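Written below as structure tokens is the structure these notes are about.
The values are calculated or read from the model by the stated rules, or taken from the named source; none is laboratory data. These numbers come from a predicted model, not from an experiment. Cβ placement follows ideal geometry from the backbone for every residue including glycine, while neighbour counts extend to all protein chains displayed. Just so you know, the surface numbers come from the protein's heavy atoms only, side chains and all, with ligands and any DNA or RNA stripped out. Shrake-Rupley method; radii C 1.70, N 1.55, O 1.52, S 1.80 Å.
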Amino acid sequence: MDYALNNKRRVVRLVLQWAAVYGDLLQEDDVAMAFLEEFYVSVSDDARMIAALKEQLPELERIVKQISEDAKNPQKKHKVLLQHFNTSDERAQKRQPIRGSDEVLFKVYCMDHTYTTIRVPVAASVREVISAVADKLGSGEGLIIVKMSSGGEKVVLKPNDVSVFTTLTINGRLFACPREQFDSLTPLPEQEGPTVGTVGTFELMSSKDLAYQMTVYDWELFNCVHELELIYHTFGRHNFKKTTANLDLFLRRFNEIQFWVVTEICLCSQPSKRVQLLKKFIKIAAHCKEYKNLNSFFAIVMGLSNVAVSRLALTWEKLPSKFKKFYTEFESLMDPSRNHRAYRLTVAKLEPPLIPFMPLLIKDMTFTHEGNKTFIDNLVNFEKMRMIANTARTVRYCRSQPFNLDAAQANKNHQDVQSYVRQLNVIDNQRTLSQMSHRLEPRRP
């Protein structure tokens, strides 16, 4: 009897753990929901005869009840997201996790730069996107969907690709055209990004306030990322037919901050102002590090080390030595030698909550996946799964404590700063940025 009881308890514990890991995502899986409800009935029946099982019943009942009620709530069922997930109204509100059942209103462009707006689930496949475009255009024969970057790089998407809206580059757009028009596609003028910097706006904002509001927004984005998205991203989202929208947007935020730094410096024609900008960005990076926002910290430092900025020798030589010293220390944390040892040692000393350098976590998981077989002699390679789980646990550890708003900061009215950091307008074309940099400081003979 004891043996049977222990086994039953272990199964209940396992199911509780599984439900806790999946959380809200269970609502999207009808089979999982049906299993949970049936499992609860079976445990209830057993608990009538085996009193020792009753202690686990309330927790199981709570989870089943909560997930069932949430699944029936029409407001939670799905929401409609707007083009690019970054309109000013949407960004000003607190971020909520994006689910595969949520729908997106999205512009898909034609060769002549006209567009059609489609409404499809976030996790829609390219095949479904083509079908939605064809319905609007009245014909879809031979249509292909193309990802177009601001620099004119074009990628034809495969019919089975999913979650295509959130995997675009910052200024990237989706085009639909017959295959024979592929070579004639050109980027939209709006994809080029801004022509005037915003230094006049954000030089009046305190570096600490900017870093704080960036951290609040980054934490919202990071908190929306489900651990399973790391798995879908690593093994290929098309294999699961699941969205990685929250992870994609968090990774895109890293690139956005990086290009924000480069854009502002390259759009600043006055040398003295450029020096002030360097100081400002170094101060913002220092405060991000202080707030344990390592994602934005690294994004800013990588922006400053971008070749379009690092080559501006006349600007850098006017930077006070104190700031040069700070920047050198920051750069040393980015040292990739010995598997990013400097960064890993720094993180190991930090207590949660913290926002990790996400691209490195993704790199770790990809390296583990590609360097180890998933099956060996038709058996699951559990050592590989353990290594991948350890990286996923890092994300859980970083979020194991709530991010409490800084009382001194929370009392300030930061509407202007908050709006600014959530709506960065950037140039994401490296070639354009390099050309601008050479116009600011031509190459010495």
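Would a scan of segment 201-224 turn up a residue that is over 30 Å from VAL275 (Cα atoms), within 19 Å of the chain's Cα centre (by Cα) and without any contact (Cβ under 8 Å) to a residue 60 or more places away in the chain?
The answer is no, given that none of the residues of segment 201-224 is over 30 Å from VAL275 (Cα atoms), within 19 Å of the chain's Cα centre (by Cα) and without any contact (Cβ under 8 Å) to a residue 60 or more places away in the chain.
Output the qualifying pairs, or none if there are none: Cβ atoms under 8 angstrom, residues six or more apart or on different chains, first residue in segment 309-333 and in contact (Cβ under 8 Å) with a residue 60 or more places away in the chain and in a helix (DSSP H, G or I), second residue open to solvent by 30 Å² or more (accessible area, probe 1.4 Å) and not hydrophobic (A, V, I, L, M, F, W, C).
What qualifies is LEU314/PRO271; THR315/PRO271.
Yes/no matrix, rows are residues, columns are (1) acidic (Asp, Glu); (2) under 19 Å from the mean Cα position of the chain (by Cα):
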{"position": "LEU251", "(1), (2)": "no, yes"}
{"position": "PHE259", "(1), (2)": "no, yes"}
{"position": "ILE300", "(1), (2)": "no, yes"}
{"position": "ALA313", "(1), (2)": "no, no"}
{"position": "PHE326", "(1), (2)": "no, no"}
{"position": "GLU331", "(1), (2)": "yes, no"}
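So in segment 136-174, with the set limited to residues that are at positive phi and either among the β-branched types (Val, Ile, Thr) or open to solvent by 30 Å² or more (accessible area, probe 1.4 Å) (or both), which one is modelled with the lowest pLDDT?
GLY138
In segment 392-435, how many residues are open to solvent by 20 Å² or more (accessible area, probe 1.4 Å) and in contact with a Leu (Cβ under 8 Å, 6 or more places away or on another chain)?
The total comes to 2.
Name the residues in segment 115-135 that are in contact with a Lys or Arg (Cβ under 8 Å, 6 or more places away or on another chain) and either of a type in the set (Asp, Glu) or surrounded by 14 or more Cβ atoms within 10 Å (Cβ to Cβ) (or both), would you? I'd like the intermediate steps shown before the answer.
Filtering segment 115-135 down to residues in contact with a Lys or Arg (Cβ under 8 Å, 6 or more places away or on another chain) leaves 115-118, 122-123, 125-126, 132.
Once the filter is applied, which keeps residues that are in contact with a Lys or Arg (Cβ under 8 Å, 6 or more places away or on another chain) and either of a type in the set (Asp, Glu) or surrounded by 14 or more Cβ atoms within 10 Å (Cβ to Cβ) (or both), segment 115-135 yields TYR115, THR116, ILE118, VAL122, ALA123, SER125, VAL126, ALA132.
Write out, first by first residue and then by second, each pair whose Cβ atoms fall under 8 Å of each other, whose residues are 6+ apart or on separate chains, and whose first residue, in segment 119-141, is in a loop (DSSP other than H, G, I, E, B) while the second is open to solvent by 70 Å² or more (accessible area, probe 1.4 Å).
Sorted first by the residue in segment 119-141, then by its partner, the pairs are ALA123/LYS241.
Scanning segment 363-391 for residues that are in contact with a helix residue (DSSP H, G or I) (Cβ under 7 Å, 6 or more places away or on another chain) and under 21 Å from ARG253 (Cα atoms), which turns out least open to solvent (accessible area, probe 1.4 Å)?
The selected residue is MET365.
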